[in-house]
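A quick write-up on the structure given underneath.
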Amino acid sequence: MIENTSNWAGNYTYRAARIHQPETVEQIQELVVRSDKLKALGTRHSFNDIADSSGDLISLERFDKIIELDRDHNTVTVEAGVRYGQLARWLHEEGCALHNMASLPHISVAGACATATHGSGDRHGNLATAVSAMELVTGSGELVVLSREENREHLEGAVVGLGGLGVITKLTLDVSPTFQIQQDVYENLPLAELKEHYDELTSKIYSVSLFTDWRSSTINQVWLKRHVPKGTSVKAAPQLFGAALATSHLHPIASLSAENCTEQMGVCGPWFERLPHFRMDFTPSSGEELQSEYLIPRQHAFSALRVIDGFRERIAPLLQISEVRTVAADKLWMSPCYKQDCVAIHFTWQQDWDGVKAILPQIEEELARFDARPHWAKLFTTSHERLRSLYEKLPDFQQLLQYYDPQGKFRNDFLDKHIFGT
Ligand SMILES: Cc1cc2nc3c(=O)[nH]c(=O)nc-3n(C[C@H](O)[C@H](O)[C@H](O)COP(=O)(O)OP(=O)(O)OC[C@H]3O[C@@H](n4cnc5c(N)ncnc54)[C@H](O)[C@@H]3O)c2cc1C
């Protein structure tokens, strides 16, 4: 049992009295039965209070086993605390792959799916879209399995569950045959070029990330992650819509060393060593940063970037780096990409909460015209009323929470404020 701990960035200290580290499902069931308030905790990478509880926390750290690869159904079943880094390497050795990864591989599968964590790619839904089944301990202590076959609707409501339905103990994810990616980086893309070329760029390449510090109307770096047949590589063109092919490895913040970044310069390698930006063997224990992100219907990508560009002088002093990605539509009730392809505009801020807290409402107001939805696990100030108008399934989600957790054991301040508006 651990006491008094904070999240990965160190900007939030959990108020929960204790963190339990059970080793069996039965132990989780016992904890749930005897508690009034509690919540599951993953790898603590969220920036807000989404994972906190006024009671106790249950860490899934010891639920880190890969259970089964089902080659007939192209799925893998894992314990909820498995980290993507561990799973990805194992899957590759078995000849399999996941469809995408987030920027870093150190996060837990259950925690990432619960918050609709995503990578980039026009044709790739967020990481939760790979979930075909999950097992959870609900508010009564009962062990329940939800699956696409048996209870698809509840599964679609529960996967991006914000930790509110119970303690997830197992997840089954879709897999495909392993594949290779080559990564090339371009520097200094004039923002104006995106008006004509963004769709063309992102539709042709497996995964594209744009990085900018908003110090000028230029995208500092374009990271292209291209799907290539094994053992081959594509010769990257020296220019990309006015941007120049990088001649050395780059960190998204160009002044930092690229040694922690996944390999670039067109060298092809397995998907899990190219899709995240940061390498698996680099394990940051904490990060001096804050993050926010807004997901906007894809058709507004350029207009939304223009709006941000319009007040970049206010954003840039608080910013480390901003990243722009695309995410495919899905059917998960609380996913920001529910029924809509999205562009995701992300901000990695300096750890200056007063400054960030002041700028977020301005960004949210400017992006409101595009129906921007905040990333659940990052910092935002969007009201419950606004979220209610942005998520047509929010009332159904409230009911689902009440169904699986009638006593509100897994409810916390975050859910009360943002989902229930109380
Ligand atoms: C450096 C950094 C990079 C990031 N990069 C990306 C990125 O590329 N894309 C992106 O979309 N996001 C990104 N994020 C955000 C991150 O993916 C989310 O915060 C994600 O939720 C982290 O997973 P976690 O295991 O740390 O979850 P936690 O923060 O521990 O928990 C998050 C939520 O999941 C719930 N939860 C966790 N485990 C369980 C369980 N077993 N049962 C039920 N509920 C559970 C918790 O209760 C909580 O509600 C990044 C964060 C950091 C710090």
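Since every read-out is calculated from the coordinates, none of them should be taken as a lab result. This one's a predicted model, so the numbers in the text were calculated from it and none came from an experiment. Neighbour counts are summed over all protein chains in view; Cβ atoms, including those assigned to glycine, are modelled from backbone coordinates with ideal geometry.
Report the normalised scattering of segment 189-241 as log10 I(q)/I(0) at q = 0.20, 0.27 Å⁻¹, calculated by the Debye formula with identical scatterers on the alpha carbons.
Each listed q corresponds, in turn, to -0.77, -1.20.
Please give me the summed charge of the neighbours of residue 240: other residues whose Cβ is under 10 Å from its Cβ, Lys and Arg +1, Asp and Glu -1.
Neighbourhood net charge equals -3.
May I ask which of 39/378; 39/393; 39/170; 204/331; 39/339 have a Cα-Cα span longer than 21 Å here?
Violating the 21 Å Cα-Cα cut-off are 39/393; 204/331; 39/339.
Any chance you could run the full-extension gain for residue 403 through residue 23? It's 0.36 nm times the residue separation minus the Cα-Cα distance, nm to one decimal.
Using 0.36 nm per residue and subtracting the Cα-Cα distance, I get 134.1 nm.
In the neighborhood of residue 145, defined by Cβ-to-Cβ distances under 10 Å, what is the net charge if each Lys or Arg adds +1 and each Asp or Glu adds -1?
-1
If you take every residue apart from residue 358 with its C-beta less than 15 Å away from the C-beta of residue 358, what net charge results, scoring Lys and Arg +1 and Asp and Glu -1?
Neighbour charge sum, excluding residue 358 itself: -4.
Could you tell me what percent of the DSSP beta bridges with both partners in the chain are antiparallel, to the nearest 5?
90 percent
Report, ordered by chain and residue number, the aspartates and glutamates lying within cross-link reach of residue 195, taken as a straight Cα distance under 15 Å and ignoring same-chain residues fewer than 8 apart.
Cα-Cα hits under 15 Å: 309.
With r as the distance between the Cβ atoms of residue 227 and residue 67 and R0 = 35 Å, compute the FRET efficiency 1/(1 + (r/R0)^6) and round to 0.05.
So, using R0 = 35 Å, E works out to roughly 0.80.
Run the reach check for residue 225 against aspartates and glutamates, Cα to Cα strictly under 13 Å, same-chain hits fewer than 8 apart removed. What comes back?
Result set, ordered by chain and number: 122, 184, 263, 273.
Which distance in nm do the two modelled labels at residue 200 and residue 30 give, with both placed 7 Å along the Cα-to-Cβ direction?
Going from the residue 200 label point to the residue 30 one covers 6.4 nm.
Sort 134, 101, 280 by Cβ crowding within 10 Å, fewest neighbours at the top.
Details: 134 26, 101 29, 280 18.
Fewest to most other Cβ atoms nearby, the residues stand as 280, 134, 101.
Ranked from highest to lowest mean number of other Cβ atoms within 10 Å per residue, what is the order of the peptides 251-258, 57-64, 104-111? Write down the numbers at each step before the final one.
Working: 251-258: 14.6, 57-64: 20.6, 104-111: 26.1.
With the highest mean Cβ count within 10 Å placed first, the list reads 104-111, 57-64, 251-258.
Multiplying the sequence separation of residue 13 and residue 369 by 0.36 nm and subtracting their Cα-Cα distance, what value in nm do you get? List each step's numbers first, then the result.
Numbers: separation 356, 0.36 × 356 = 128.16 nm, distance 3.40 nm.
Contour length minus the Cα-Cα distance gives 124.8 nm.
Which of the lysines could a cross-linker bridge to residue 37, judged by Cα under 17 Å and excluding same-chain residues fewer than eight apart?
409, 417
Is the shape of segment 269-422 rounded, prolate or oblate, going by the alpha carbon gyration tensor and its root eigenvalues a ≥ b ≥ c, with a/c under 1.5 for rounded and a/b larger than b/c for prolate?
Note, shape of segment 269-422 comes out rounded.
Is segment 1-75 rounded, prolate or oblate when judged by the Cα gyration tensor, a ≥ b ≥ c being the square roots of its eigenvalues, rounded requiring a/c under 1.5 and prolate requiring a/b larger than b/c?
oblate
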